[in-house]
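Structure record follows, encoded as C-alpha cells.
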Amino acid sequence: MSQQSLHGSGPSDDENSSEETAAGGQVFASAQGADDLLDEIDSVLESNSEEFVRSFVQKGGQ
Amino acid sequence: MSDQAPDARRGLVTERVMGIETEFGILDAALDARTGEASSSIALSHLVVGAYGLLHPAEGTRGRRVRWDYGDESPLRDARGFEIRRAAAHPTQLTDQVHDAHLPSIDMDMPLQAPEIAPEGSDAEVLAWAARRSIGNTVLSNGARLYVDHAHPEYSSPEVTSAREAVLQDRAGEVVAQRAMELLAAADGVPEVALYKNNTDGKGASYGTHENYLLARDVPFERVVQALLPFFATRQILVGAGRVGLGTRGTEPGFQISSRADFFEEKVGLETTLDRPIVNTRDEPHADAERHRRLHVIIGDANLLETSTFLKMGMTSLVLAALEAEQESGARILPVLELADPVQALRDISHDPTLTRTVPLADGRELTALQIQRAHLEAVSAHADRTDPETAEVLDLWSELLQALETEPARAADRIEWVAKHQLLESYRARAGLDWGDARLRAIDLQFGDLRPQRSLFTKLRSAGRVATLVSDQEVEEAVGTPPASTRAYLRGRLVRHHRGEVASTGWDVITLAAEDGSTTRVRLADPRIGSRPWCEALGLDPEAALPDVLEALARAAADTATVPGPDADAGSAVGTDPSH
C-alpha cells in the first residue's frame, strides 16, 4: 500500500510501540486532540441541527 | 494452500472483475429551498450529471458528452463472441446463447442517433439545455458512468480487478461529486447542491451502494445464496458504516452497525427498491453469460473509510473464489453455517454494537457475528494464496480487525467505519450529556458523509490523521481521468478521453465509434478483460492514435475469425430500460 500500513498496533506489536505507531500515524490521539476534534465538529455542524435533520429528505433508491 | 483447492497452482486470490456503484444522497444546499419532492431531487440530480459531464474541463469539449448505450446486454450472435456486420443495428433480444468471449465483435455502419451538442453559452444556459433534454447520462474518461438513477445521481465505477483499484475508483467518484458541486456553486442562476455518501435519510428512504462481482456461472445459484447469507449478515461488523437511529425511520433512538440492515426484508430476490433481499438475483453479466454471472450485491453500506471499501471488496471476492474452488473440486471450503432467520440476524447483529449478541442457526447452535466471521476467515485463509500481495493484505486486515473487535474494538477505530463513527458520537455525546435521540447526533451522522470537504466530518477525521488511508490524494485525482489498466474500462476510458467527438456511445460491453467519413463501427467486448491495457498493447492498439489506426487495429484483432454478415440484420433501437441495476 502506498500510504501507510494498514495494520494498527495489536497485542503482537512491539513492546515499545508508542502512541504514534498506530495506523494513520496518530490514531490514539491525546484527550486534547479529541477535544479539539469535537470543537471542530461544533464549528462545522449545521447550526440548527433539528431543522437540518428534518430537511434531509431523500427519495428511495435501489 | 490445500491440495483440495482446485486451482492448486494458486489458491484463492482477491483478483476478479468487480466494481462499485454509488447512489449519492442529494439536497439543495439552501435549507429553505428543500421541498423533499421527487421532482426536485430528480432535477438536482440532472444538474449534477450535466455539470460534470458537460462543463468540467477534464471531461473534454464543453457541452459534449458521450452517450450511454443501453443495448449492452444483447447477446453476441457468433459462438466465438466475434463478428463483423455491415448495415446492422444491434439486436435487442436477450438470450443466454453460448458465446466465447475471447475476441471482440465489430459491427459496422449501424444507424446512429444525431449527436447532441449543447449550444454555446454560460454554464447556466448549458445546464438549462441539458435539463430540457433530460440529459441524465455521461461516460467519463476513467471509464465510469455518471447518471441519474431514480432520484439520485449515481457513479458507477469502471470495472477493476483488485480491491485496491476498487478503492481508487470509488474515491475518484467522490472527487467527481465534489467537482460537480463546485461547478454548480460557481454557476449563476442554478441551485447549489450538496451530495452525501450515505444510505438513508433516516426517514424511511434508502439508496444503495452496490458491489458487482463477476462470478463463474457454473456455481449453482442455490449454493451462492446458501454461502452468502451468513457471510453478508455478519460482514457488517467489519465493514459497516454505522448509523444513528434504529428502524427504517430511525424511530427508536440508538446506534447501529450497518446503515442498510434495517432496509432488508427478504433472503433472496430480484427487487432492489422494496422488499430488498440479502442476496439479489439480478444478473446481466455484461459479459459472456455462459461463463459468468454478475453478482449484484445490494446489501453493502456506503463507505468513506478506504480500509472498509478495501476489506469489503477483498473479503467478498475471496469468499466467491472459495465458492468457485468448491465447485471445481467438489470439496467444501466455506463453513457450514445456516442461519435460522438471516433477515432477523442481519438486524439483530446491526443493533448490537457490543457484538455479544448471538443469532440462532438452523441446527440449533447460537453464534455471534464474530464467531461466524472468524469461521469464514479461517476457511478462506486455509485455501488462500498468500504469495499474492493483495490477498495477504486482505487476510491480514480481516484477521487484525476481527481480533481487535474480539478484544478491544476501540483499536479498530482507524480502520472500521462504524467504530470510528461510534467513537466520535460517544465522545460528543459524553461531553454534552446528550441522549441518542438528540438531533445533534443525527446531524453528525448525516454530516459524516457530506462530500463537501469543508462540511464533511469524515474529512475532519481524515485530516486529523485518525483514519488509515490506502491511496494518496494525488492518485485519486489521477484516477478521475485515468481508467484502470486491467479491464475494458481502459479502452473505453482512453477512447472517451482522446476521441470524445468520435465516440458515439458506450455501454459496459460496447463502444460505438463514428468516423469523420460517416462510417460507424460498433465494438463489442464480451470479456471484461478485452480492451485492457495489456490486451491493447499486445494488439498494437494505441487508443490515442488517429481513429483510422484504432479501427485498423480492432479489425486486425477480428481478422483471423471474421464471419460473413448474417441475413438477420434486424433494426433495433439503442434505447431501452436501464439494465445495469
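The values are calculated or read from the model by the stated rules, or taken from the named source; none is laboratory data. In this text the structure is predicted, and so the values were computed from the model without any measurement. Note that each Cβ is placed from the backbone with ideal geometry, even for glycine, and that neighbours are counted across all protein chains shown. What goes into the accessible areas is simple: the full protein's heavy atoms, side chains included, and nothing from ligands, DNA or RNA. Shrake-Rupley method; radii C 1.70, N 1.55, O 1.52, S 1.80 Å.
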For region B:209-476, what is the charge dipole size about the Cα centre, in debye to the nearest 20, if Lys and Arg each add +1 at the Cβ and Asp and Glu each add -1 at the Cβ?
-> 960 debye
Tell me, what ³J(HN,Hα) does each residue in region B:134-139 have, in order and in whole Hz, if you take phi through Karplus 6.51 cos²θ - 1.76 cosθ + 1.60 with θ = phi - 60° and put x for Gly and Pro?
-> 6, 6, x, 8, 7, 10
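Report the extension gain between B:Glu182 and B:Glu516 in nm, rounded to one decimal, defined as 0.36 nm multiplied by the number of residues separating them, less their alpha carbon distance.
Length gained between B:Glu182 and B:Glu516: 116.8 nm.
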With a cut-off of at most 15 other beta carbons within 10 Å, and DSSP calling the residue loop, which trypsin sites (Lys or Arg not before Pro) in region B:313-415 qualify? Please list them.
-> B:Arg332, B:Arg357, B:Arg365, B:Arg386
Roughly how many nanometres apart are two label points built 7 Å out from the Cα toward the Cβ at B:Arg357 and B:Ile117?
-> 5.9 nm
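Please state the shape class of chain B: rounded when a/c is under 1.5, otherwise prolate if a/b exceeds b/c and oblate if not, all from the C-alpha gyration tensor.
The shape class here is oblate.
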Measure of exposure for B:Lys460: accessible area at 1.4 Å probe, Å² rounded to 10, is 40 Å²
If you roll a 1.4 Å probe over region B:185-312 with all protein chains in place, what percent of the accessible area is carbon or sulfur?
-> 48 percent
Near B:Lys197, which lysines are there with a Cα under 21 Å away, not counting those fewer than 8 places off in the same chain?
-> A:Lys59, B:Lys312, B:Lys421, B:Lys460
Net charge dipole size for region B:453-523 [Lys, Arg +1 and Asp, Glu -1 on Cβ; Debye, nearest 20] = 420 debye
Spin-label pair B:Arg223/B:Lys203, simplified geometry with 7 Å Cα→Cβ offset, distance in nm | 4.7 nm
On the formula 1/(1 + (r/R0)^6), with r taken between the Cβ atoms of B:Thr35 and B:Glu552 and R0 of 41 Å, the FRET efficiency rounded to 0.05 is 0.15
Take the alpha carbon gyration tensor of region B:270-342, find the square roots of its eigenvalues, order them as a ≥ b ≥ c, and report rounded if a/c is under 1.5; if not, report prolate when a/b exceeds b/c, else oblate.
-> rounded
Using only protein heavy atoms and a 1.4 angstrom probe, determine the accessible area buried between B and A, summed over both sides, in Å² to the nearest 100.
-> 4700 Å²
Placing +1 at every Lys and Arg Cβ and -1 at every Asp and Glu Cβ, with all other atoms neutral, what dipole size does chain B have around its Cα centre, in debye to the nearest 20?
-> 940 debye
Give the accessible surface of region B:369-487 per residue, rounded to a whole number of Å², with probe radius 1.4 Å and ligands, DNA and RNA excluded.
-> 33 Å²
Using a 1.4 Å probe on the protein chains only, how many percent of the accessible area of region B:390-463 belongs to carbon and sulfur?
-> 44 percent
Extension gain B:Ala430-B:Glu328, at 0.36 nm per residue separation less the Cα-Cα distance, in nm?
-> 31.4 nm
Say each of A:Glu40 and B:Asp473 gets a label point 7 Å from the Cα, pointing the same way as Cα to Cβ; how far apart are those two points in nm?
-> 1.2 nm
What order do B:Glu23, B:Glu324, A:Glu40, B:Glu478 take when sorted by accessible area (1.4 Å probe), most exposed first?
-> B:Glu478, A:Glu40, B:Glu324, B:Glu23
Heads up, region B:363-405 by the C-alpha gyration tensor (a ≥ b ≥ c square roots of eigenvalues; a/c under 1.5 rounded, else a/b over b/c prolate, else oblate) looks oblate
Put simply, what bits of region B:398-424 lose 30 Å² or more of accessible area when the other protein chains are there, versus the chain on its own (1.4 Å probe)?
-> B:Glu400, B:Arg411, B:Asp414, B:Arg415, B:Leu424
Between A:Ser47 and B:Arg386, Cβ-based FRET efficiency (R0 41 Å, step 0.05) works out to 0.20
